[in-house]
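First up is the structure itself, then whatever we jot down about it.
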Amino acid sequence: MDVFSAVKDWLLEEGFLKSEVPDEMADWHYVVEFPIKSNQVSDIIKPKNKRMILILSGIVLSETHYKAFNSLTPEEKQRLVHRWKMDLIFRKADFRLIPDAMNLQRIEFSIPIFEDSLTKTSVIEALRELFKCKLYIIWNVQHEFDRFSDVDSMYL
């Protein structure tokens, strides 16, 4: 059994696997929940013709947080996003601000794991890292915008 086919078994063993997604660009694509019963989902994808997997997750600003973010002055936005960038650059996950830092709607995180380092431990550590990155943003957004009523984050 090759190491890529073991990923599904690991996810099933730990109770993380939620569903399989049809994906023309992938050999397989799984949606997982980590931590269990957290409603936090990530995607684990084996791209076609690649000897690696991608573990992806993200956070979408709720409408309330999006409005609050856009109520900031350009200087306040720049200062806030700059702090996030400086903190996130030291995490293991790559990140993208979409569509861009000044019009932020969502943040996507990803971790590639190449065949030579693909283990059950590396997959679970990557899921844990993505969860921590999301928590960092959630807690920062809640701290920054707690003066607004009905603050609630939505997740991707």
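The values are calculated or read from the model by the stated rules, or taken from the named source; none is laboratory data. Keep in mind that this is a model prediction, so the values were computed, not measured. Cβ atoms come from the backbone with ideal geometry, glycine included; neighbour counts cover every protein chain shown.
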Worksheet, complete the sentence: Scanning segment 1-52 residue by residue, the ones that are of a type in the set (D, E) and in contact with a helix residue (DSSP H, G or I) (Cβ under 6 Å, 6 or more places away or on another chain) total 0
Discussion item. Against the definition (of a type outside the set (G, A, S) and on the phi > 0 side of the Ramachandran plot), how does K18 come out, yes or no?
Written reply: no
Worksheet item: Looking at segment 77-105, which of the residues that are surrounded by 15 or more Cβ atoms within 10 Å (Cβ to Cβ) and assigned to a loop (DSSP other than H, G, I, E, B) is nearest to the chain's Cα centre (by Cα)?
Response: A93
Worksheet item: List, please: which pairs have Cβ atoms under 8 Å, are six or more places apart or on different chains, and start with a residue in segment 134-156 that is more than 13 Å from K67 (Cβ to Cβ) and polar (S, T, N, Q) and end with one that is modelled with pLDDT of 50 or more and part of a loop (DSSP other than H, G, I, E, B)?
Response: S153/L61; S153/S62
Discussion item. Being under 18 Å from the mean Cα position of the chain (by Cα) and either among the aliphatic types (A, V, I, L, M) or closer than 20 Å to A126 by Cα (or both) is the requirement here; does L54 meet it?
Written reply: yes
Fill in: strands (runs of 3 or more DSSP E) enclosed by segment 13-76 - at least 3 residues per element that are surrounded by 15 or more Cβ atoms within 10 Å (Cβ to Cβ) and not acidic (D, E)
26-33, 41-47, 52-60
Item to complete: Could you run through segment 57-76 and say how many residues are over 20 Å from the mean Cα position of the chain (by Cα) and either of a type in the set (G, A, S) or under 24 Å from Y30 (Cα atoms) (or both)?
Response: 2
Practice prompt. Output the number of residues of segment 45-66 satisfying the condition of being without any contact (Cβ under 8 Å) to a residue 40 or more places away in the chain and of a type in the set (D, E, K, R).
Written response: 3
